[in-house]
């Protein structure tokens with residue numbers, strides 16, 4: 001196949017691992033509420049999508065290395081690559097829960113190594129390859145960095161139980177990662193809010209990636225509850241538990257506050273301005289936050305011992321599931337539409 005016919009690969013959205021993230025978190029939600037048969041189907045789709053996307057992005061790197069480098073150096077897209085970290089860790093969570101502990105550990109190591117390299121590469125790109133030097137490059141996709149960081153905490157809290165004498169070291173590591181994710185969230189959300197409330201915004205700026213601001217808060221709350229549901233081992237970490245609990249509740253509340261505003265943004269764009277709603281791979285960044293909010297709400301209900309939250313979580317699961325199916329239908333429809341256009345040309 002010639003390079004000319006691979007334009008779809010050349011222009012492949014760098015954050016398509018959000019599809020794996022969305023499918024994986026729906027799997028966890030379904031399993032959490034014992035919808036086992038559907039959960040098994042989503043489990044298979046999660047792992048399959050991760051493998052397929054890894055092959056596609058490897059192929060893209062080999063055939064179009066220049067385009068990949070441009071995406072990595074672009075401050076508008078560099079942080080979107082952290083979707084690979086989150087997707088890998090979500091696959092690791094599913095593998096751990098199904099008894100494949102060694103594969104789960106391998107997933108965490110792979111995700112952590114990628115996270116470590118990309119963390120400093122992306123900030124170096126932001127420092128040296130950002131000619132505009134203004135806040136207009138900030139968008140919701142930046143917060144995928146926080147999602148990736150907190151996903152390391154969630155999987156790390158699970159595999160820590162399998163590390164024997166090294167479990168304590170892992171618990172210290174994931175507490176540090178949780179705190180680092182909180183610091184980055186505070187910085188990025190400040191820049192993000194400054195831009196949307198006080199800077200000029202184009203209609204295209206109100207993209208599905210804005211939902212990541214809610215998803216990043218939800219996964220930070222969920223990571224905090226995972227820390228609370230595990231033995232901290234060290235006395236110094238035990239002393240932090242009240243702080244972790246308080247911050248988890250605050251983050252969940254903040255995530256809840258964003259949901260109606262994000263819905264208003266969508267209505268303003270597609271109803272008031274009558275912009276047609278067509279499939280965009282960024283829409284998977286709506287599904288994942290809804291799914292993560294569902295799981296975070298359920299875990300917060302357990303740690304706070306407040307049962308009404310679990311009922312709310314159950315309702316949100318079906319909302320997330322409906323949005324997943326609508327987005328997946330859009331993906332299939334877009335694929336066949338593009339195939340027809342290719343045949344005509």
> Taking the convex hull of the alpha carbon atoms in the chain, what volume per residue do you get, in Å³?
Replying inline: 149
> Fewest to most neighbouring Cβ within 10 Å: what's the order for 98, 285?
Replying inline: 98, 285
>> Between helix 144-159 and the chain, what is the angle of the helix's C-alpha long axis to the longest principal axis, kept within 0 to 90° and rounded to the nearest 10?
In response: 40
> If you line up the long axis of helix 83-97 against the longest principal axis of the chain, both from Cα atoms, how many degrees apart are they, to the nearest 10?
Replying inline: 50
> Computed over the Cα atoms of region 203-248, what is the convex hull's projected area averaged over all directions, in nm²?
Replying inline: 3.8
> Hey, any idea what the orientation-averaged projected area of the convex hull of region 86-141's Cα atoms comes to, in nm²?
Replying inline: 4.5
>> Using a Gaussian network model on the chain with a 10 Å cutoff between Cα atoms, which of 73, 290, 191 fluctuates the most?
In response: 191
> Using the per-residue mean of other Cβ atoms lying within 10 Å as a proxy for protection, in what order, highest first, do the peptides 228-240, 293-305, 251-263, 74-86 fall?
Replying inline: 74-86, 293-305, 251-263, 228-240
>> If you average the alpha carbon positions of region 307-339 and of region 216-279, how far apart do those two centres end up, in angstrom?
In response: 19
> Using the Cα gyration tensor of region 203-345, with a ≥ b ≥ c the square roots of its eigenvalues, what is the shape: rounded (a/c below 1.5), prolate (a/b larger than b/c) or oblate (neither)?
Replying inline: prolate
> Want the number for residue 126 to residue 253: 0.36 nm per residue separation, take away the alpha-carbon distance, what's left?
Replying inline: 42.7 nm
> Modelled label-to-label distance, residue 135 and residue 69, 7 Å Cα→beta-carbon offset: nm?
Replying inline: 3.3
> If you wrap a convex hull around the C-alpha atoms of region 48-93 and split its volume per residue, what is the figure in Å³?
Replying inline: 61
> At what distance in nm do the modelled label points of residue 113 and residue 270 sit from each other, each positioned 7 Å from its Cα along Cα→Cβ?
Replying inline: 4.0
> Picking from 29, 164, 140, which is most flexible by a Gaussian network model of the chain using Cα springs under 10 Å?
Replying inline: 164
>> Which of 227, 143, 55 ends up with the largest GNM mean-square fluctuation for the chain, with Cα atoms connected below 10 Å?
In response: 55
> 222 nm [θ] for the chain, helices only, -39500 (n - 2.57) per DSSP H run of 4+, per residue, to 500?
Replying inline: -25500 deg cm²/dmol
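Any read-out appearing in this document is the output of simple, stated calculations on the displayed coordinates, not a laboratory observation. Predicted model, so just to flag it, every value in this text is computed and none were measured. Glycine also receives a Cβ, built like all others from the backbone with ideal geometry; neighbour counts cover every protein chain displayed.
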